1. Taking segment 289-303 on its own, how many of its residues are modelled with pLDDT of 95 or more and surrounded by fewer than 16 Cβ atoms within 10 Å (Cβ to Cβ)?
2. For the condition hydroxyl-bearing (Ser, Thr, Tyr) and in contact with a helix residue (DSSP H, G or I) (Cβ under 8 Å, 6 or more places away or on another chain), what is the one hit in Tyr99, Tyr123?
3. Tell me which residues, restricted to segment 3-19, are polar (S, T, N, Q) and part of a helix (DSSP H, G or I).
4. Return a yes/no flag: does segment 194-205 have any residue that is modelled with pLDDT of 95 or more and loosely packed, with under 12 Cβ neighbours inside 10 Å.
5. Take Asp29 and tell me if it is outside any loop (DSSP other than H, G, I, E, B) and acidic (Asp, Glu).
6. Is it fair to say Arg174 is in contact (Cβ under 8 Å) with a residue 12 or more places away in the chain, within 23 Å of His23 (Cβ to Cβ) and among the charged types (D, E, K, R)?
7. Yes or no: Ser98 in contact with a Phe, Trp or Tyr (Cβ under 9 Å, 6 or more places away or on another chain) and of a type outside the set (Asp, Glu)?
8. Go through (1) part of a helix (DSSP H, G or I); (2) among the hydrophobic types (A, V, I, L, M, F, W, C); (3) touching a His at 6+ places or on another chain (Cβ under 6 Å); (4) closer than 30 Å to Ser276 by Cβ and name the single condition Ala152 misses.
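The values are calculated or read from the model by the stated rules, or taken from the named source; none is laboratory data. Keep in mind that what you see is a predicted model, and the values were worked out from it rather than measured. Cβ: placed from backbone, ideal geometry, glycine included. Neighbour counts: every protein chain shown.
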Amino acid sequence: MVGSLEQVAQAIRAYNKFLITWHVDPDPDCVGSGLALKQALQAMGKDVICVSPDPLGEWFEFLPGIESCAVFTEGFSPHVDAVIVEDCEPDRCGGLVSYLKSGVPIINIDHHGTNLGFGQAFYINPRAAATGEIIYQLLTEYLHVSLTEAMATNLYAALAGDTGTFRYSNTNSRVLAAASELVKHGANPAEIAVHLYENRAYEEVDFLRAALDTLEISPRGEMSWITVTKTMLGERQWSGQRSEDLIKYPRMIKTVKLAIMFRELDAAKTKVSFRSRDNIDASKLAALFGGGGHMHAAGCTIDKPLPEAKAMVLEAAAELLAASPGNGSE
């Protein structure tokens with residue numbers, strides 16, 4: 001752990017006007033955590049706005065309070081006392097980065113081990129399954145806010161999103177106990193699961209078919225990858241985090257220890273996502289290309305065209321697998 005949750009709580013008590021933001025390509029953890037924190041601070045009498053560095057899309061429409069969340073536009077410069085950056089370090093906040101470097105006080109809350117902690121107060125706990133778990137602890141143990149149904153729904157969605165609805169290895173008794181309390185306060189697990197996983201447009205399922213046609217696997221079967229091009233995405237506005245869900249398919253293959261998804265952002269920029277299991281540290285692989293994350297879930301963005309980025313990553317990934325204990329040459 002880095003920093004102190006008590007210091008974060010003290011900083012929150014000291015200020016009255018907040019901006020809450022998170023990383024580009026938003027996911028249920030950062031958005032649900034941010035909305036719950038906003039609602040809690042408002043219950044404390046604070047003035048709070050949420051601003052996403054990227055558009056959110058209809059995937060997030062079920063989250064209570066989402067309609068009040070703004071999206072970054074050029075020239076954005078709010079008058080606030082402090083900014084809470086959650087689920088990432090400030091450098092991952094897209095167009096907001098320059099504003100965050102303007103001298104405004106920053107409070108940083110995250111669960112990614114590659115985050116060293118930034119700002120006046122920070123708390124980074126890689127053992128937390130989700131940033132939502134940290135926000136739950138902050139609200140209940142440090143700020144002593146009474147949870148509402150809206151807060152509970154947002155936090156449950158955060159936990160569900162980062163644990164694969166409690167299927168991933170980061171699920172433990174602490175996470176399940178928090179989820180149980182959130183259900184007691186009004187979160188509806190079945191309803192949230194439907195919105196996260198069973199509420200797709202036909203076009204999205206059709207896109208899945210096209211994406212699965214790109215599925216490849218290494219000769220030894222330990223690595224598999226999927227590729228998403230801009231041509232495949234077309235004008236779809238849900239192409240960010242929702243397309244990240246595709247990585248679960250190469251990960252499903254029983255021999256695969258490392259799953260990779262390549263997503264073309266533009267002609268000279270490629271997003272790469274990693275999911276691993278066993279002793280394969282995906283964060284080390286992401287760090288080679290300026291990214292980060294967790295041991296079993298990480299990512300990076302490479303300023304190279306898709307074919308070039310793909311070749312570089314696959315070579316590095318094969319070397320990582322070959323060097324891992326118990327593995328032969330990939």
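1. Matching residues across segment 289-303 total 1.
2. Answer to the check: Tyr123.
3. Listed by number, the residues that qualify are Gln7, Gln10.
4. No, segment 194-205 contains no residue that is modelled with pLDDT of 95 or more and loosely packed, with under 12 Cβ neighbours inside 10 Å.
5. Yes; evaluated as a whole, the condition is true for this residue.
6. Criteria not met by Arg174.
7. So Ser98 does not fit the description; no.
8. For Ala152, the failing item is (4).
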